Amino acid sequence: MSERVTITIDGREHEVPAGELLIKAAQDTGTYVPRFCWHPRMKPVGMCRMCLVEVEGPRGRMLTTSCTMPVNDGMVVHTESDVVKKAQEGVLEFLLINHPLDCPVCDRGGECPLQDQTMSYGPGESRFVEEKRHFEKPIPISDLVMLDRERCILCARCTRFCEEISGDPLIEFKDRGNGTQVLTFPGEPFSSYFSGNTVQICPVGALTATAYRFRARPWDLEAVESTCPHCSVGCRISVQASQNQVLRFLGVDSEPTNQGWLCDKGRFGFEYLNSSERLQMPLVRGADGGLHEATWAEALDAAAGRLAVVIDQKGADAVAGLGGARSTNEAAYAFGKLLRSRIGTPHLDAQLDDGLDPQFLAGVEPRATIDDLERASTVLVWGPDLKEELPVLYLRVRRAAAELGATLIVVNPRATGLDDVATHVVRYRAGDGSGALRRLSAGDGELAAARAALAEGPVVAIVGRTGLAEPSALAESVAAFVRELPDARLMPAVRRSNVYGALDMGLSPSLLPGRASAFDDAARASLAEQWGSVAGGSGRGAGGIIEGLAAGLIDGLLLLGADPMQDAPDTARAAAAMQRASVVIAIDLFLTASAEQADVVFPALGFAEVEGTVTNIEGRVQKVNRLLPGPGQAREAVEILEDLARRLGGSIGATSAEAVAKEIAAVAPAYRGVTWDLLDWGDGRDGIVVPGPEGSQPLGFVPVARDIPAASADLTLHLARTLYDHGTAVRRGPSLAKLSPEPAVHLHPDDARRYGVGTDSPVRISGSGGEAELTVRLDDSLARGTVYLPFNLGVSIGTGLEVRLEAMS
Amino acid sequence: MSRWPPETMERAHAIIARYPEKRSAVMPLLYLAQHLEGRLTDDGMRQVADLVDLTPAQVQSVASFYTMYKRDEVGTYLVSVCTSISCMLLGGEDVLAAIEDETGVRDGETRADGLVSVEHVECIGACGGAPAVQVNYELVEGVTPENGRKLCRWLLDGRPRVVLGDEMQELFGGQRSFDWGPVEREGAVGPVPAFGPYGTAEEIR
Amino acid sequence: MTILTGRMEAHRADSHTMARYRETGGYTALRKALLEMTPEQVHEEVKASNIRGRGGAGFPTGVKWGFLAASEPRYLVVNGDESEPGTFKDRQLLERDPHQMVEGIIISAYALNVHHAFVYIRGEYPRPARRVQRAVDEAYEAGLLGRDILGTGFDLDVTVHLGGGAYICGEETALLNSLEGRRGEPRIKPPFPAVEGLYAKPTIVNNVETLSNVPWMILNGGAAYDAIGPEGSKGTRLFSLSGHVKRPGNYEIEMGLTWRDFIYGHGGGIRGDREIKTWIPGGASAPWLFPEHLDEPITIDDAGRLDTMLGSGAVVVMDETTNVVKAALSVVKFFAHESCGQCTPCREGTSWMQRVLERILSGQGRAMDLDLLLDISDNISPGLRWPPAMTTICPLGPSAVSPITSILRRFRDEVEAMIPGVSAGV
Ligand SMILES: Cc1cc2nc3c(=O)[nH]c(=O)nc-3n(C[C@H](O)[C@H](O)[C@H](O)COP(=O)(O)O)c2cc1C
Ligand code: SF4
Ligand code: FES
């Protein structure tokens, strides 16, 4: 608790933190000072001059901007004096003389600080008879954002966000004085992954989102607070809808996670929920081989019947389940219980062979929270390019390095979004991770300073796979190194939204609900007391399941919101395997590539249509809430699973999501005591990091360093994701779909020269799982001998490290 | 990737070396860019952005703040007439009118042949020699409307490559703010202040 | 009594050259300071001189130097942006005696333990910049700049920097932003430059004329400087006289003489022997003075007593034929053009006032416009006092109010006479 001082505001004394800005201190003690340019998450600039107050000083009362004035002991402040009122009304009049006052046709109308303050502080009739300032009416400054310079009040919130927070200053003030305007550079659009934040913090209607323009009036919107479904950062959001259509997500300021910000994928990625392609009715494959609409009873009977046949003929462990990483914890738990207990198979996985060892993810310690970044003296990022995969975590790391002065070390085969604020950037050739780790831990040559910084705790290490071709064992080796560092904490990083929750719910051959090991007999036994039975033995993960299918050892497959044919790292292999399955049951929002192969497809309710919990990258459990009924006859996954279970021998107690939640809080060790009530009304409003106060962490996973021999091929593969890939959320939403880049083969200029190719030359690249014909891009940030290929943009050549390249004429 | 010739790049790096931090070189580099192309083009701003690790939008933001970076077409001879208080009191506006009339260029515009631009400017620190005029920022004080016309004719007919303040003062000037001392041989080429370290000044032989 | 201009008057041809500067005693103060004095002693002399800054704010220089924070690196920045309408004194010092300033810079840097100094010269001053650069080059060649100056181990580099055409860059924090390669927008103070200045490092900003006085102080002692001129306005000062006077120009005068002596004595009186109507005593920002003030002494404090200031030392004289609305518009237009645009009241208010004045001048004025002008002014500069209370970050906005209050308080009837339907004097 920082030191406190006493100040007097309008005659009332208050205790406030020393050094806090007056405008904030006043607000926290019940006095709201009007403002436009000040934003609590950005440095004050004192430009709009709206927050003027009088502060008593040696030379009498002085007008000053409360947003730039830190409080000090004994400060006496007047916020309602005639002088203050006159000054504020004056500023407001100045802001309005050139403002178009087109509120009736403005998206901001009804939720506009300028409009509101004009009502409460503003002067009445206009004394301004001159011609107003004119600019070309709204101009698109990117595919997502429109700019109306006539409405702009030049508070610089948007430009400061870009420079200070997201680090891509693509919009800036242009010209000066009365002619000042916000603008991009000719031919360089405002293509920032975070552009939507500027729309949200614009205090007027100058910046608007193409996805939302003219869609609704604030007073028509229903809203509910929830958790962003797009990645494992779990940003707090407000979901807003009208007439059963989600119309926008707004960032909610949650101190430990997103601090108000969202990435554009999160903000604009909601459109898929409104898609006309959403499944409305169950589908059953008929004698003609086609999928036909059916009633729920027919579909459930068909699914259970066909599964039963497989189980009778080949045994329960001829059945496997994939998915759950995009579901709620409740659905994931029910899915696991159905598979392990009711059906009795140990083959289940929430990841698609594209992540990390489940026990590593669920059990490695000591664990870092996102907020630990605020206190870190050194931050190590050896994993995915956070800007592409975990964007708001990227903002928090950026803040740690740029604003809070942490030493940032970024290790990657290619440039990442954080390099410009990194103190040390370490490149290594894809496949030579072990070598790089050896050099870093030894502090060889120019790595000496980086090594020394790592000895300066507190250290936060964000560790994951830099690409999908990289063996997951490397991340464990890095983690093993980090655990030896003084005062170091780990954040194992994978991307898919609720993968942590799904694993915590036991959707892995090696895990049981609540972070227990599936190989821990005691844990299995105590779970069996609850569940009746728990399939044990060594089950297959996603990779093994796909092999098993291909080998005919697995015959029945349940998919819970999983699309291996699109999302698995080796789509060709996954497709071939699924052809062999005799029964595929899919629960999904869309008729995905994989669902098209299914015998029965159940239409599920999706985000904003169900209530439940999710668990983010730091193990923080947060609520997602229901706002909409969902399309057609779609139902909650939990209920679908319960009905299936009943047809397969009896209830799994999944009568409702809430019932499942109660069971989780009772039987899952790490989740004990984490109830909906606590999250909705208790200390859990910002979520609860498990294991919570009542919980425990049965699994203790100790990563070991393994030496992985460097790949020998002339070219090795760096297969990494871009934010706008071909995943469902992007592909099925008009705003984002057009943003995903063209796939290309990225080469270091030197390698390009060796192969006699240059920018745009056509090449054939072949890898472990196929080949593709693409054009070349030069990228001198790549480690030599490394080929970068973006993942999930419609090309798949497998995940083998070694690739071959040939120029085509 | 640089669009500038090697010797210009050398000059640019020499300019950057004058400052503890790269970004401080933005304004001198913008003058260099303007000197090269006769005005400040988007390419010029991109080039400067590369050199000091800023985005072009940031460079544009800086350039557009100052009046001497000309992003629109500007003539070989930029004739600036002061109309601020002291010059205004002594007829600066008449001098401007005479010059507009003589060149056929209105205030703020550039002649089709790209030879001359005319602009009114705020105080240029020559109030003691009002009314004052600058050609490519080289100063002439005590200019009458008639001498303003003569100055323009001299420029348009003679097309001097290097513009010299003293020469113009001699021929067309009058009252000075103070005695100027000896004749300088360094002058301006194009609408950029002539300053050695920026590579924008030239000596006449 | 001349401190600053003696050499240039005596040697019109070459006062700016190293040879002439040396030959007339130049750089002996530097030797004295570096070889015989400690930095503290140099600082003491400057304090003792009681010189107040010549850039406009008139802050005691010795005191300001005392605020310089200890951390390294620290910088000295010379303000040669001289753009206040009516002001052309620094230009003469830069062109005619650049070495005098360079010597002042080296001595001051020594006193302040600074190793990199910058001279920020407005872009419209290429000739002065060339002269200063040549002087700096000559000083390097003579071993008076660079490493180990005069074998004392003291190092100093000087960088000459050209502005880009923006009056506001004369404001010290805007100047620092500009020097950092940013838009010339004034910063919120505190922190003051002496604590967080250039590159957020401790920085002293001084005007060209202020520093040009330093060599004399070192040679003759701060006390000698303090002996010149009345209390609070010590030393001589360079005034720029312009407008309707017979002999415009820069005059180095000992403060304390009357406006009459200055305008009619030095200035030779009004052209065509007309009557004087009003004058701007300290640059366009300053509220105007009127004939009844002719016998007031020219000192910083007396100007303050008359609710105006000596500011940048620019005196602009207007005779009886002057259209004061046109004159006021010219000044307001200047500030509207030069507003950086950060502060709402300055950005919107100055151009609003300009447009109202333009309407009045074009015969489109309304009876309410005079009170409107005063109220707009009051919303930029509450209370319409001088020195101004401000709703803005820097004083530029409030400066635009000076001509408005000056003409509306003094020549209201003249202004009303231009408004259709409002008869003068009523
Ligand atoms: C709008 C504005 C313009 C200014 N212009 C100048 C200027 O052109 N030259 C100058 O030396 N000081 C100028 N100043 C004053 C500087 O901010 C600063 O006080 C001064 O340079 C300090 O030097 P000094 O203490 O030697 O006077 C200006 C101030 C303001 C508010
Ligand atoms: S008062 Fe005017 S010039 Fe000064 S900072 Fe504010 S807007 Fe800029
Ligand atoms: S909120 Fe304080 S000046 Fe804008």
If we count every other residue with Cβ under 12 angstrom of A:LEU170's Cβ, Lys/Arg +1 and Asp/Glu -1, where does the sum land?
-> -4
Anchor A:LYS265: lysines whose Cα lies under 21 Å away (excluding residues fewer than 8 positions away in-chain) | A:LYS387, A:LYS623, A:LYS738
In the stretch A:482-499, which residues have a backbone nitrogen under 16 Å from the label point lying 7 Å from A:VAL704's Cα in the Cα-to-Cβ direction?
-> none
³J(HN,Hα), Karplus 6.51/-1.76/1.60, whole Hz, each residue of the stretch A:86-100, x for Gly, Pro | 4, 4, 5, 5, x, 4, 4, 4, 4, 5, 8, 4, 9, 8, x
Given charges of +1 on the Cβ of Lys and Arg and -1 on the Cβ of Asp and Glu, with all other atoms neutral, how large is the dipole of the stretch A:412-453 about its Cα centre, in debye to the nearest 20?
-> 160
With everything on Cα atoms, drop me the angle between helix A:521-531 and the longest principal axis of chain A, reported from 0 to 90° to the nearest 10.
-> 80
How big is the charge dipole of the stretch A:218-307 about its Cα centre, in debye rounded to the nearest 20, if each Lys and Arg gets +1 on its Cβ and each Asp and Glu gets -1 on its Cβ?
-> 220
Taking the Cα centre of the protein assembly as shown as origin and charging only Cβ (+1 Lys, Arg; -1 Asp, Glu), how large is the dipole, in debye to the nearest 20?
-> 400
What are the aspartates and glutamates whose alpha-carbon lies under 19 Å from the alpha-carbon of C:LYS234, with same-chain residues fewer than 8 places away excluded?
-> C:GLU44, C:GLU45, C:ASP90, C:GLU209, C:ASP226, C:GLU252, C:GLU254, C:ASP261, C:GLU296, C:ASP301, C:ASP302
Step through the table entries A:LYS24/A:LYS662; A:LYS314/A:LYS662; C:LYS47/C:LYS89, compare each Cα-Cα distance with 30 Å, and write down the pairs that go over it.
-> A:LYS24/A:LYS662; A:LYS314/A:LYS662
Positive-end residue of A:LEU395, A:VAL16, A:MET119, charge dipole of the protein assembly as shown with Cβ unit charges | A:LEU395
Shielding by partners - mean other protein chain Cβ count within 10 Å, residues of C:203-209 | 0
If r is the Cβ-Cβ distance from A:LYS86 to C:ALA13 and R0 is 56 Å, what FRET efficiency results, to the nearest 0.05?
-> 0.40
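Filter the GluC sites (Glu not before Pro) in the stretch A:252-328 to those in DSSP coil with at most 16 other Cβ atoms within 10 Å of their Cβ, and list the result.
Counting only loop positions with at most 16 other Cβ atoms within 10 Å, the GluC sites (Glu not before Pro) in the stretch A:252-328 are A:GLU277.
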Helix A:571-580 sits off the longest principal axis of the Cα atoms of chain A, rounded to the nearest 10 on a 0 to 90 degree scale, by 40
Taking A:SER472, A:SER781, C:SER399 and counting other beta carbon atoms within 10 angstrom, the fewest-first order is A:SER781, A:SER472, C:SER399
Among B:ALA132, A:THR775, A:THR159, whose Cα lies farthest out toward the positive end of the dipole of the protein assembly as shown, if unit charges sit on the beta carbon of Lys, Arg (+1) and Asp, Glu (-1)?
-> A:THR775
How much net charge surrounds A:ARG784 when only the other residues with a Cβ under 12 Å from the Cβ of A:ARG784 are counted, with Lys and Arg +1 and Asp and Glu -1?
-> -1
Could you give log10 I(q)/I(0) at q = 0.06, 0.08, 0.09 Å⁻¹ for the protein assembly as shown, computed by the Debye formula over C-alpha point scatterers of equal weight, without solvent?
-> -0.66, -1.03, -1.21
Angle in degrees between helix A:637-647 and the longest Cα principal axis of chain A, rounded to the nearest 10 | 20
Net charge near C:ASP307: determine it from the other residues with C-beta under 13 Å of the C-beta of C:ASP307, scoring Lys and Arg +1 and Asp and Glu -1.
-> +1
Check the straight Cα-Cα distances from A:LYS85 and name the aspartates and glutamates below 15 Å, setting aside those fewer than 8 residues away within the same chain.
-> A:ASP10, A:GLU54, A:GLU93, C:ASP375, C:ASP378
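All of the numbers you see were taken from the coordinates with simple rules; none came from a lab. The structure presented is a predicted model; accordingly, all values stated were derived computationally and were not measured. Quick reminder, even Gly has a Cβ in these numbers, built from the backbone with ideal geometry, and neighbours come from all protein chains shown.
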